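Q: Below: one structure in structure tokens.
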Amino acid sequence: MTPSPSSPSQAPAPPSDDWRRPAIVVAGLVVLFLAMLSAFALPPLHSKPHDIPIAVAGPSGPAGQLRDQLREQDPGAFDIATLGNGQEAKDRILDRDAYGAFVTDGTHTTVLVAGAASPAVANTLKTLAVQLGEAQGAAVPVEDVRPLPPDDPTGAGLSAGAFPLALGGWICAAVLLATVPRQRQRVVAAFAFSVTGAMALTALLQYGFGSLDGNYWLTSAGAALGIAATAWTILGLRTAFGNAGLGLGAVTMIFVGNPLSGLSSAPELLPSGWGTLGQFLPPGATGSLLRSFAFFDGAGSARPLIVLSCWLAGGLALYVIGLRRLRGKGAAVPSANSEGKPSSEDNPSEELLPTA
């Protein structure tokens with residue numbers, strides 16, 4: 001028997017000569033590709049020191065002369081504080097208020113650095129020490145008051161962890177949105193991944209790579225806050241704004257937040273203004289928090305803690321707002337099944353949520 005024209009097997013095929021949609025998709029992907037390349041390539045290409053906080057310590061006369069010399073040699077590169085002695089300078093470095101210091105008594109000069117704060121800045125100050133020694137006719141010694149662990153003297157492990165931190169929270173949110181439809185399970189899973197993922201990441205960096213040497217539990221707590229802030233921001237954006245929110249989250253965390261985190265160098269080495277912006281995004285704040293917890297006993301952790309807490313709170317707020325909007329529309333709330341069992345409508349905490 002010949003199938004009727006309305007049979008599914010005889011449904012008309014979509015037109016094959018309309019190439020507008022593929023062309024738009026390809027053009028959009030090219031723009032996205034170029035934007036991604038620019039986001040990752042431009043910061044290092046245009047990196048140079050911008051107001052790096054350092055100190056000059058010693059008697060007022062020699063210290064003032066050295067401060068003026070540094071300012072004239074690299075205008076705008078350093079934000080220089082003048083201190084009375086070397087101990088004040090060392091305390092300032094360990095409190096993360098300065099990356100390094102030049103200590104002078106008028107005859108001899110010593111440069112203090114902290115490799116754990118930023119290997120890139122420490123190398124910049126070491127280069128200045130060599131130049132200063134050549135000008136003075138005597139070698140200028142360099143003391144690293146907080147070095148990186150001997151198993152990772154360049155800080156490569158922590159720098160490499162920036163991308164997994166940024167991507168991990170986004171992947172967590174995206175996977176939960178696609179696979180876990182129930183509200184209570186999704187909430188528990190998001191926090192569970194933040195904690196267990198942070199513990200695993202910190203264990204690998206500290207005990208596997210030797211890149212960290214601080215308190216394991218404190219560093220894990222910092223990583224957990226960073227992952228949770230990212231994951232809940234994505235969950236909130238997707239629940240409140242749909243797929244557009246998921247894309248916005250990817251751009252914010254991965255294409256903008258990761259290259260501007262400064263974790264591989266320092267925020268003050270990125271183009272002026274962009275490094276500051278990066279510290280107010282979760283990847284940058286998480287990197288700073290990990291440095292503070294892992295190497296400086298929590299010194300300098302106040303701002304990243306506040307930034308990450310605000311992102312976490314904002315993500316949770318968006319998530320609640322999105323849930324209320326969906327409930328108001330009656331979205332994805334199943335009715336009682338055919339066997340007469342209670343439906344999820346009788347238990348709002350177990351509502352099925354839209355997936356990505």
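Q: So who's got an amide H within less than 5 Å of the one on residue 83, skipping anything under 5 residues away but keeping other chains? H placed 1.01 Å off N, in plane.
A: 56, 57, 58
Q: Quick check: pseudo-label points 7 Å beyond the Cα along Cα→Cβ at residue 51 and residue 321, how many nm apart are they?
A: Placing both labels 7 Å beyond Cα along the Cβ direction yields 3.1 nm.
Q: Assign one of three labels to the range 196-297, namely rounded, prolate or oblate, based on the Cα gyration tensor with a ≥ b ≥ c the square roots of its eigenvalues; rounded applies when a/c is under 1.5, prolate when it is not and a/b is larger than b/c, and oblate otherwise.
A: Taking the square roots of the gyration eigenvalues as a ≥ b ≥ c, the range 196-297 is oblate.
Q: Is any residue of the range 156-171 close enough, with backbone N under 17 Å, to a label point placed 7 angstrom from the Cα of residue 37 along the Cα-Cβ axis, and if so, which?
A: Output list for this probe position: empty.
Q: Can I ask one more? Counting heavy atoms of the protein chains only and a 1.4 Å probe, report the per residue accessible area for the range 187-269 as a whole number of Å².
A: It amounts to 35 Å² per residue over the range 187-269.
Q: Determine, for each peptide in 223-230, 293-300, 282-289, the mean count of other beta carbons within 10 angstrom over its residues, then list the peptides with the highest first.
A: The most tightly packed comes first, giving 282-289, 223-230, 293-300.
Q: Now for a separate question. When the chain is fully extended, how far beyond the present Cα-Cα distance does residue 68 get from residue 303, taking 0.36 nm per residue of separation?
A: Residue separation times 0.36 nm, minus the Cα-Cα distance, leaves 81.5 nm.
Q: Let me ask something additional. Starting from the 7 Å offset along Cα-to-Cβ, what nm value, one decimal, do you get for the label separation of residue 60 and residue 130?
A: According to this spin-label approximation, the distance is 3.6 nm.
The values are calculated or read from the model by the stated rules, or taken from the named source; none is laboratory data. For clarity, every value in this text was computed on a predicted model and none was experimentally measured. Note that each Cβ is placed from the backbone with ideal geometry, even for glycine, and that neighbours are counted across all protein chains shown. Remember, those area values only see protein heavy atoms, side chains included, never the ligands or the DNA or RNA. Shrake-Rupley method; radii C 1.70, N 1.55, O 1.52, S 1.80 Å.
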